[in-house]
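> I have a structure here, written as structure tokens, and I will follow up with some questions on it.
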Amino acid sequence: VMYLSFEVTVPAGGSVQVSASMRKDGSTDFIGNRKNTEGYDLAVRLGSTLTFTWQRASVSGTEHVEILENSFGFDPDHGVTAVTLDLEETHYWMQVRKRP
């Protein structure tokens with residue numbers, strides 16, 4: 001599970017733009033029934049009291065992997081490598097494997 005935390009001060013009545021990036025290796029064969037498959041989970045609001053106006057996720061280096069399934073909406077083979085996340089969704093996931 002990817003989880004990133006940090007402190008930020010937001011002025012009263014104001015707003016702050018935050019950009020965060022984190023690389024994480026997948027969990028190997030994380031569901032137990034697919035060989036050579038890695039899984040990623042992203043929980044976007046664990047314990048947060050912040051109100052987000054938008055969140056975006058992206059993938060890179062996809063020429064070396066095949067995204068088997070995902071709830072993000074990524075489809076690199078058709079040019080979709082960045083997506084705007086649904087603010088009501090609390091959990092996203094994807095399964096990938098190395099291209100043959």
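The values are calculated or read from the model by the stated rules, or taken from the named source; none is laboratory data. What you see is a predicted model; the values in this text were computed from it and never measured. Cβ placement follows ideal geometry from the backbone for every residue including glycine, while neighbour counts extend to all protein chains displayed. Side chains are part of the model used for accessible areas, which takes the heavy atoms of the whole protein and leaves out ligands, DNA and RNA. Shrake-Rupley method; radii C 1.70, N 1.55, O 1.52, S 1.80 Å.
> State whether the residues of segment 1-21 include one that is open to solvent by less than 100 Å² (accessible area, probe 1.4 Å), of a type outside the set (D, E, K, R), at pLDDT below 75 and under 15 Å from Thr90 (Cβ atoms).
yes
> Among the residues of segment 83-100, is any in contact (Cβ under 8 Å) with a residue 12 or more places away in the chain, β-branched (Val, Ile, Thr) and exposed (fewer than 14 other Cβ atoms within 10 Å of the Cβ)?
Yes; the residues of segment 83-100 include at least one that is in contact (Cβ under 8 Å) with a residue 12 or more places away in the chain, β-branched (Val, Ile, Thr) and exposed (fewer than 14 other Cβ atoms within 10 Å of the Cβ).
> Conditions: (1) modelled with pLDDT of 80 or more; (2) hydrophobic (A, V, I, L, M, F, W, C); (3) surrounded by 10 or more Cβ atoms within 10 Å (Cβ to Cβ). Phe30 meets all but one. Number of the miss?
The one condition Phe30 does not meet is (1).
> Conditions first: (1) open to solvent by 100 Å² or more (accessible area, probe 1.4 Å); (2) of a type in the set (Ser, Thr, Tyr); (3) modelled with pLDDT of 85 or more. Thr62 passes all but one, so which condition is the exception?
So Thr62 meets the others, but not (1).
> Output the residue which, of all residues in segment 43-82 that are without any contact (Cβ under 8 Å) to a residue 12 or more places away in the chain and charged (D, E, K, R), is nearest to Thr9 (Cα to Cα).
Among those that are without any contact (Cβ under 8 Å) to a residue 12 or more places away in the chain and charged (D, E, K, R), it is Asp75.
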